[in-house]
Amino acid sequence: MAKISEFLVVVLVIFAFLLLLGGVGIYLLVKLGKKAAVKAKQASTRLATHVNAMGTGDAAEVERLRLDLRREVSLTRQAVEQAQREGWGLGDLPRLLADLQAQADVHDAQLGMYAQQRRLSPYVDHATLDRLRQHQAKLTAMCARIRADLLSDQVQHTGSGIADLTSRTDLEIEARRSAPVDPLEQIDELYRRSMEERNDRP
């Protein structure tokens, strides 16, 4: 009887452990599924934007503006991240970029709303479209200015490195050259050789 109860306890412990593992597995699958759903939604939104940008008219133009803005912000973010990896002193630039990215997301949502309304309604609000274009121009100009400043700093740093390397190369080449021979010593050497040749003749 004791052996049977021990066996049942072992089976129940194993069963409880398997239930616990199953619960953890289900939890992780649900969490992974939610992340996959969010990624799929983002991908479908981007795909829809690309497809809608291929058309003509105001809605397609606005979709192209959205794509341009995303590209500009992405390029700027990559430039700032590269500068951070290389250890450049960026000051408050990463925080400024975060604010710029947040504002670009708001602007992107506004552009998306305008494009959707433009596709569904025949009535056009030209004043809003002009303001959206102005905001777009300001945001993309800020991105371009940030990238240009970072690139200028990098080129300046590279230029100083190249100048240092050039001066070191010049010094090394100069050090490798043999010391110039004194012309008087050359004349003495030639005279000595000619005298030796005369003495060697019978």
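Details
- Test: G91 is outside any helix (DSSP H, G or I) and modelled with pLDDT under 85: yes
- Where a residue in region 183-202 is modelled with pLDDT of 80 or more and its partner, wherever it lies, is in a helix (DSSP H, G or I), with Cβ under 6 Å and at least six apart: none
- Test: Q84 is farther than 23 Å from D68 by Cβ, in a helix (DSSP H, G or I) and either polar (S, T, N, Q) or touching a helix residue (DSSP H, G or I) at 6+ places or on another chain (Cβ under 8 Å) (or both): yes
- Selection of region 145-186 for residues being in contact with a helix residue (DSSP H, G or I) (Cβ under 6 Å, 6 or more places away or on another chain) and either over 28 Å from L93 (Cα atoms) or not in a helix (DSSP H, G or I) (or both) yields an empty set.
- The lone exception for I162 - which of (1) touching a residue at least 12 places away in the same chain (Cβ under 8 Å); (2) under 27 Å from R85 (Cβ atoms); (3) β-branched (V, I, T) it fails: (1)
The values are calculated or read from the model by the stated rules, or taken from the named source; none is laboratory data. Since this is a predicted model, take the numbers as computed values, not measurements. Heads up, the Cβs are rebuilt from the backbone with ideal geometry, glycines too, and the neighbour counts pull from every protein chain shown.
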